[in-house]
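The structure appears below as structure tokens.
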Amino acid sequence: MTENAHSLPEIHLTDTLGGKKVPLRTLEPGKVGIYCCGPTVYDMSHIGHARAALAPDVMTRFLRQQGYAVKYVRNITDIDDKIIARSLEEDRPATEVSEQYTAEYQRDLDSLGMIEPDVQPKVSDHMTEIVNLVQALVDKGLAYAAGGDVYYRVRQFGPYGELSGRSVEEMIESAGSRIEVDERKESPLDFALWKAAKSGEPSWESPWGNGRPGWHIECSAMSSTHLGQTFDIHGGGRDLIFPHHENEIAQSQGAHGIDTFAKYWVHNGFINIGGEKMAKSLGNFWTIRDILDLYTGEAVRYFLMTVHYRHGLNFEVEVLCPACRAVMGTAQQNALRCKACGHETDAATLRSSVRFPGLEEGDDRVAYVYATLEGARALAGDTDPEGEVTEAVGGMLDAFVEALRNDINTPAALGVLSKPLSEVNGLLASGKGVAKDVRRRTAARFVRDMATAAGVLGCFGEDPAAYLAARCELKAARIGLDVAKVEDLLAERTAARESKDWAEADRLRDVLADLGVAVKDGPDGSVWTL
């Protein structure tokens, strides 16, 4: 870690506004302000929300590891049309809906090992700031009241469209599904800053009558409240570039000046399933809770980090026949009759009979790293990690950090770990040609530097034995393995070995292997893994 702000290493980020990779030059040396758009809390969060939270999570972790003082702000939208619709549907207060799903979202992120934002503001707690910001725009002639609503005059803001690369004329021509059309507007592009109260909906007092804020004004008010009128990095999903982030820029710079607001815009790509963006509106989503019932939080994190945050990530889903386990399709909209065996089933049963190949690979990889760490700890003992070590392990941390300085390139950083992992496993297996003290020191260096990597990635930081045991239980449940039966067979095999009945011990090993269980014999007895 660097000693002071003047010696901080150069980090590059891809800025959406500029459309290129640029060096990070913070407003204050050694300090970074990050604002990230959080969820609208009206339902359970899906795996796409996990990716949107992971991008700023890893960025914040890495910036701190590099010596930056980071203030990370991620909001909660607890006032929105979707929340109100859910409250009316379920006949309960909107505040109750938002509080429930805020708690569920936090529970999911905790399970994924996400760090807590320094501030997690809610819209409902910032009504005074929102009203004041709308009033400032009205005073400047950039907004106008219309029957209790207040709209932003898009044509009065010259840079409108620069973030999304659209011209105002083109947007007017194509005004459609994402642009609200209203006869009271001066232009189809004008968007709501304040909405007049409707019967049965929550509302607040304002100079234009009781009502509630529009979606976009909320983030402008919250970011300026907690990070100032100008801050370093604004993040979010690519689907927010237009209109949400475009409108945030118009509001914030309209009120505070053209050179204010976010210096850098960082956007994560979508998670795609069946060739389409995963979204609740499309019905092709899997909740974080669905996935965490099957895989560890670290396996999910690892899977999400295998593709650069800016790029789309394909979420593979294979639907298996409940009868013969043949693959029936790769999306949720599958035929209900298996072509392999003719078995017919229902959509709900099919949804529960799925496998996720990408997640399974991530799960296996994380287990491999933990198994290596467990062996390395045993080999290292209390050896000092300083001094001569093998080449790959010696260069691992510097290469890992260099990959992340290049636009938080997590797949490259994970790739850096491959050769050191192989090298350490070679030392654990035999270590031929390497002096004993070098082997132990290499193991100690690997354990130490992996702890640094773990702090950035949010993976590999648990006790290896405890993680592997918990993962084994979860995987056994996922594949329907009877753990009690395995333990009984293992006890029978142990008894056979103690009585030197090697033929029976070998037979039981084969029975276990047919169940997908591998047995490892050691001086302290036999243990099993999947």
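The numbers here are math on the coordinates, done by the rules we state, and not lab data. Computed from a prediction, not measured in an experiment: that's the story for all the values here. Here Cβ is always computed from backbone atoms with ideal geometry, including for glycine, and neighbour counts include all displayed protein chains.
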*Quick one: if you stick a label point 7 Å off each Cα along the C-beta vector at residue 391 and residue 106, how many nm between them?*
5.1
*Angle, helix 436-457 long axis vs. longest principal axis of the chain, Cα atoms, 0 to 90°, nearest 10?*
30
_Please compute the Kirkwood hydrodynamic radius of segment 366-413 from all pairs of different C-alpha atoms, in Å with one decimal._
12.6
*Largest first and in whole Å, give the semi-axes of segment 481-529's equivalent ellipsoid, each being the square root of 5 times a Cα gyration tensor eigenvalue.*
16, 12, 10
*Among the aspartates and glutamates, select those whose C-alpha is under 15 Å from the C-alpha of residue 500, and discard any that sit fewer than 8 residues away in the same chain.*
492, 521
*Can you list the lysines whose alpha carbon sits under 23 Å from that of residue 20, skipping same-chain ones fewer than 8 residues off?*
31, 263
*Could you give the length gained on full extension between residue 527 and residue 132, defined as 0.36 nm per residue of separation minus the Cα-Cα distance, in nm?*
135.7 nm
*asked:* If each residue of separation counts as 0.36 nm, what is the full-extension length gain between residue 306 and residue 511 once their alpha-carbon separation is subtracted?
replied: 70.2 nm
_Net +/- balance of residues flanking residue 486 in space, Cβ distance below 13 Å, scoring K and R +1, D and E -1_ = -2
*Measuring from label point to label point, each 7 Å out along Cα→Cβ, what is the residue 316 to residue 205 span in nm?*
6.0
*Would you mind counting up the charge near residue 475? Only other residues with Cβ under 10 Å from its Cβ, with Lys and Arg at +1 and Asp and Glu at -1.*
-2
_If I fit a long axis through the Cα atoms of helix 127-139 and take the longest principal axis of the Cα atoms of the chain, what angle between them do I get, 0 to 90°, rounded to 10?_
40
*Could you work out, for segment 384-530, what percent of all Cα-Cα pairs fall into each 10 Å distance bin, beginning at 0 Å and stopping at the bin that holds the largest distance?*
10, 28, 26, 24, 11, 1, 0
_Isolated Cys in the chain, by beta carbon distance under 4.7 Å_ = 36, 37, 219, 459, 472
*asked:* Straight-line reach only, C-alpha to C-alpha below 20 angstrom: list the lysines that residue 185 could link to, leaving out same-chain residues fewer than 8 apart.
replied: 140, 195, 198
*asked:* Loop-only trypsin sites (Lys or Arg not before Pro) in segment 1-77, please: DSSP not H, G, I, E or B, and at most 12 other Cβ atoms within 10 Å.
replied: 25
*asked:* If you fit an axis through the alpha-carbon atoms of helix 418-429 and take the longest principal axis of the Cα set of the chain, what angle between them do you get, 0 to 90°, nearest 10?
replied: 20
*Just flag the trypsin sites (Lys or Arg not before Pro) in segment 464-515 sitting in loop per DSSP whose Cβ has no more than 14 other Cβ atoms within 10 Å.*
500
*Multiply the residue gap between residue 347 and residue 448 by 0.36 nm, knock off their C-alpha separation, and tell me the result in nm, one decimal place.*
31.5 nm
*asked:* Taking only the Cα atoms of segment 359-465, how large is their convex hull per residue, in Å³?
replied: 99
*Grab the beta carbon distance between residue 487 and residue 85, set R0 = 45 Å, and tell me the FRET efficiency rounded to 0.05.*
0.35
*So what's the chain giving for Cα Rg divided by 2.2 N^0.38 Å, two decimals?*
1.14
